[in-house]
Amino acid sequence: MIRVAGLSAGYGDRQVLENIGFDIFPGEILTIVGTSGCGKTTLLKNLIGLAAPARGSIRYWGREITGLDDEALNRLRRKIGVSFQSNALFNSISVAENVALPLRESRAVDQEIIPVISRMKLSLVGLGDTAHLMPDSLSGGMKKRVAFARAVALDPEIVFFDEPSSGLDPVTAAGLDRLIRRLRDLLEITAVVVTHDLASIRAIADRVLMLAEGRIVFLGGLEEADRSADPVVRAFFDRGRERK
Amino acid sequence: MTKKTGIDSAGGSEPITLRGTLSLSEGRELLETVKERIRAGAKEIQIDLAGLDGIDSPGAATLIQAWRLARQKGGRLRLSGARGKTAAFLELIRESFPPPAPPLRPSRNPLAGLGEKGLVALAEIRAAGRLVVEAVYWSFIAPLEGRGLRWKSLIGEIDEMGFKAIGIVALINFLLGVVVAMLSAAQLRLFGVQILVASLVVIGFARELAALMTGIVVSARSGAAITAELAAMTVFEEVDALKSMGQNVSRFLIAPKFLAIIVCLPLLTAIGFVTGVAGGFALGIFSLGFTFNRWWEQTLEAVTTGDLLQGFIKSLVFAVIIVVVGCHHGLRVKGGPRAIGQATTRAVVQDIFLIIVADLVFASLFYFLA
């Protein structure tokens, strides 16, 4: 579905990612993990075309996206959904209007059914009765759910979740983990989840891609990660076991 | 031969059968079929979903619309036979079927609304008054009691509000001086007393124009900046963080701005006065043909210490208006980034309005006292 090869990226002279390559397969939940500053967000920004890599290739369904112009990128982005770490909800419009926004802008569906789809997506994340509320009046967990609803508004084939459980209590975070799995199963999407929350990783990941100092230090299943002899991988996953 | 995706409808009371995937185009067709059945007087419409392999959001939305439409017309739409993922999807979105209840709005009595607005205005005035008292205390009294002033912050504010505004204040007043001189020269030429342009310009700038124009420029520049900065700090919880650290917001944030503008605005007004008068000089010497000495003598002869004092007092009052309005709107903001913009706009409009009202009050006062 997505193939990344020889990707190097950074900011100005500072290189954050160095020559990384991996595949994302249809229907899987791939978690991108690592400690703070390891390059997770930079990788995510490159994957969704918000930043351009210095070198390397990113292919969606066989089509190279590096170097695409804005119009072509926007066409591609209609097939992907993104839930941002800060939620990025517009506080000046209601929850339903936030979810309806991509639908209105894409003009892919009839205007009169947009409110129905918007409410449906909110029902899908368990917030059908909040449509008329303003984002300000929602709790942190509810805002995340609205962001999820907006990310899946256009029936994307792949959804990126950036730190979905950050700043939330364990119970709410676990609820969001269940929701990501449910969305994946029900909507048959591919999910890429950027996180450093070990409990979430264990709850949702089909595969784990671990970054350290801009390189991939591990790519595989959870059991493999637990058995890994690599000291960086062990330090990350053992800490999870210690906390348990 | 059956189609892979589509709708079968034999009409009458026979179920409408869906096959394949229900997407937007099939959904539109379904909606039309349901409408036809309703027009034909059907009260109960059955849709058989057993042949559906998949359903996307627009398709599901049209199904919901058909269900609502039937209900609106006093009929009923029954869905049956959904299986697998279609059933799971419909189960999850079942609360979307009834139309959303409109949010309740309390009925409002116009008089109650008016009273409410009055109370809000009173509360705003009280809050602004408290802000003035706190700003005066933390700027002038607390430092005398040994409760320190944030000098570094004060110097930064003076640089921002005062030093960096010199250029624009000087330029605007100079240009206004030229304009005022041109306007009055055209009229006074009729009476052969064009030299009085010098008097008019110097008195106008000393009493009114320098303070007014400088006040408006500083309001648009620094007043807006004060509101935007404090509003952003409020929205992003920096003000709450300060409070939680036991810091006094008035001392930490308002006092440096208050003192800075009290110092800067009269000085900027003085600069505005000099450059405004210079604008008049430029016209008088280069266009009207007067000598420098003649214009200078007329200028000195016309202006009095009282005129200069009027401008100085006004500039102090304008300074208080700008900083109080700016801080008041900045600290009371609620909401997100849009609220920051709204608070800033409101603050600048209110600044300019209050500056002109205050100017009118002073002009009336001095006029009648004189």
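The values are calculated or read from the model by the stated rules, or taken from the named source; none is laboratory data. In this text, all values refer to a predicted model and were calculated from it rather than measured experimentally. Glycine gets a Cβ as well: all are built from the backbone with ideal geometry, and neighbour counts include every protein chain shown. The protein model used for the area step is the full one, side chains on, heavy atoms only, and it has no ligands, DNA or RNA in it. Shrake-Rupley method; radii C 1.70, N 1.55, O 1.52, S 1.80 Å.
Structure data summary
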{"item": "Every residue from region A:47-62 that is assigned to a loop (DSSP other than H, G, I, E, B) and either at positive phi or touching a Phe, Trp or Tyr at 6+ places or on another chain (Cβ under 7 Å) (or both)", "result": "A:ILE48, A:GLY49, A:TRP61, A:GLY62"}
{"item": "Odd one out for A:MET142, checked against (1) modelled with pLDDT of 90 or more; (2) within 12 Å of chain B (Cβ to nearest Cβ); (3) in a helix (DSSP H, G or I)", "result": "(2)"}
{"item": "Hits in region A:83-134 - residues which are within 22 Å of A:LEU183 (Cα to Cα), in contact with a Ser or Thr (Cβ under 8 Å, 6 or more places away or on another chain), within 8 Å of chain B (Cβ to nearest Cβ) and not hydrophobic (A, V, I, L, M, F, W, C)", "result": "A:ARG119, A:LYS121, A:SER123, A:GLY128"}
{"item": "Region A:2-45 - residue that is on the phi > 0 side of the Ramachandran plot and in a loop (DSSP other than H, G, I, E, B) and, of those, surrounded by the fewest Cβ atoms within 10 Å (Cβ to Cβ)", "result": "A:GLY12"}
{"item": "Filter result for A:GLY62 (assigned by TED's automatic domain parsing to the domain that holds A:ALA199, of a type in the set (Gly, Ala, Ser), open to solvent by 50 Å² or more (accessible area, probe 1.4 Å) and farther than 24 Å from A:GLN85 by Cα)", "result": "yes"}
{"item": "Every pair of residues 6+ apart whose Cβ atoms lie under 8 Å, when the first sits in region A:138-156 and is in contact (Cβ under 8 Å) with a residue 40 or more places away in the chain while the second is aromatic (Phe, Trp, Tyr) and not in a helix (DSSP H, G or I)", "result": "A:ALA147/A:PHE84; A:PHE148/A:PHE161; A:ALA151/A:PHE160; A:ALA151/A:PHE161"}
{"item": "Test: residue in region B:289-297 that is under 27 Å from B:LEU360 (Cβ atoms) and either without any contact (Cβ under 8 Å) to a residue 12 or more places away in the chain or in a helix (DSSP H, G or I) (or both)", "result": "no"}
{"item": "Any chance A:ALA149 is in the same structural domain as A:ILE113 (by TED's automatic domain parsing) and either within 18 Å of A:VAL95 (Cα to Cα) or surrounded by fewer than 23 Cβ atoms within 10 Å (Cβ to Cβ) (or both)", "result": "yes"}
{"item": "Residue list for region A:218-240, filter: without any contact (Cβ under 8 Å) to a residue 60 or more places away in the chain and touching a Leu at 6+ places or on another chain (Cβ under 9 Å)", "result": "A:PHE218, A:GLY220, A:PHE237, A:ARG239, A:GLY240"}
